[in-house]
Amino acid sequence: MKQVTAVRVGNMKDPDPEKRGLVEVTDVPVKKPGPGEVLIKVAYCAICGSDPHVIGGLFGWDAPFGIGHELSGVVAEVGPGLKTGIKVGDRVGGNFRNYCGSCYYCTNGLEQWCENATEEPGMAEYVLWNEKQCVVLPGDVSLKNGCLIEPVSVAVRVMDKTHIKIGQNVVVSGGGPIGLLNLQLANLYGAANLTLLEPNPARRELAKKYGAKYVFDPLTDDIRAETARITNGRGFDVLLEVSGIPSAAELLLGIAAKSARVIYVAQYARGYNLPLNLYDQIYMKELEITGTFVSPYTFTRTAQIIGRLDLDDLTAQVFPIDEAKAAFEAHLSGKYPKIIVQCSPDMD
Ligand SMILES: [Zn+2]
Ligand SMILES: [Zn+2]
């Protein structure tokens, strides 16, 4: 079968083409489902903002390795002893991480730290998952939009960590896919004065369509003054930093209300340290600052909500698997909100 494989580790934007991280479509064997496992014929797999970082060496993996974790497909074959009722022909998406269910973390409500988690590359014609990783897509969600169930689950997990209350003032910093999904979810939660900070005008337009009341360019607008105007000088109650840009990470601390929750969602550069004034922010304001690592305990709820989100703009750019290289170039160009790879041509 075809699999999109990182054949050279390196920065995908390296000016030297000889050093640049590289993906190719390679031929690998299809695996056979064992007990509790299902073989999924992958319909679509989206490129995640983290994929180029992984190809760049983020986790220290040696090439070659397969990539891709935002997928949808149809169950093609099942192993013995399934317990969930999942069957051949079911349209599924789900969690690319297979948790053991038995370790200290799995048995204490913290499966994201599972000591035995495994994953299979999903940007391929087939992927082998444990049945517990799968969620059946609702009938009104297409396979094309269904591949976004993983990034939507990340946005759901972010909302879980906000402990948001209806009517709180919310700002999202960064209008990439996760930021735009969080904007939609915050809107569903009844956020007030929903605001997006994003330099790209096309993404600001999408944000307005998704329910943002205000959109600003953090590079040219006076965000502190705008915040004071919008929130009667109090600041935002829930602040989501999704851009990964240090200046944005720092800006949010200055526009947070007393007792606000600041969630650092992005994957920041490993060497970056956030300057934090403990007197101003923690003593005088009682800010609660946290982050998110993947999306534990979210997929079944995500499947129940995904049909209410507007995903068509995020799945408009589709490349066939044979053009995976071009798909990554399009992703890196930053011109499109999201890039989708069609892994099997005969599925809709
Ligand atoms: Zn992802
Ligand atoms: Zn575990």
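The figures follow:
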item: Some residue of region 95-108 being surrounded by fewer than 24 Cβ atoms within 10 Å (Cβ to Cβ), in the same structural domain as Cys48 (by TED's automatic domain parsing) and within 15 Å of ligand 1 (Cβ to nearest atom); result: yes
item: Where Gly89 falls short, out of the listed (1) surrounded by fewer than 18 Cβ atoms within 10 Å (Cβ to Cβ); (2) among the small types (Gly, Ala, Ser); (3) within 16 Å of ligand 1 (Cβ to nearest atom); result: (3)
item: The lone exception for Glu125 - which of (1) in contact with a Lys or Arg (Cβ under 7 Å, 6 or more places away or on another chain); (2) within 16 Å of ligand 1 (Cβ to nearest atom); (3) not polar (S, T, N, Q) it fails; result: (2)
item: Condition met for Ile282 (hydrophobic (A, V, I, L, M, F, W, C) and assigned to a helix (DSSP H, G or I)); result: yes
item: Evaluation of Ile166 against (1) more than 15 Å from ligand 1 (Cβ to nearest atom); (2) assigned to a helix (DSSP H, G or I) (one fails), failing number; result: (2)
item: Matching residues in region 169-188 - criterion: being over 19 Å from the mean Cα position of the chain (by Cα) and either more than 22 Å from Gly244 (Cβ to Cβ) or in a helix (DSSP H, G or I) (or both); result: Asn169
item: Condition met for Lys144 (more than 16 Å from ligand 2 (Cβ to nearest atom) and surrounded by fewer than 16 Cβ atoms within 10 Å (Cβ to Cβ)); result: no
item: Residues satisfying the stated conditions in region 207-234, i.e. more than 23 Å from the chain's Cα centre (by Cα) and surrounded by 22 or more Cβ atoms within 10 Å (Cβ to Cβ); result: Thr227
item: Selection from region 110-138 of residues that are in contact with a Pro (Cβ under 8 Å, 6 or more places away or on another chain) and either within 16 Å of ligand 2 (Cβ to nearest atom) or under 19 Å from Tyr297 (Cβ atoms) (or both); result: Leu110, Glu111, Gln112
item: Meets criteria (within 16 Å of ligand 1 (Cβ to nearest atom), in contact (Cβ under 8 Å) with a residue 24 or more places away in the chain and not in a strand (DSSP E or B)) for Gly49; result: yes
item: Matching option when the condition is touching a strand residue (DSSP E or B) at 6+ places or on another chain (Cβ under 8 Å) and under 22 Å from Leu253 (Cα atoms), among Val135, Val215; result: Val215
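The values are calculated or read from the model by the stated rules, or taken from the named source; none is laboratory data. Given the structure is predicted, the values throughout are model-derived calculations rather than measurements. Positions of Cβ are backbone-derived with ideal geometry, glycine not excepted, and every protein chain shown enters the neighbour counts.
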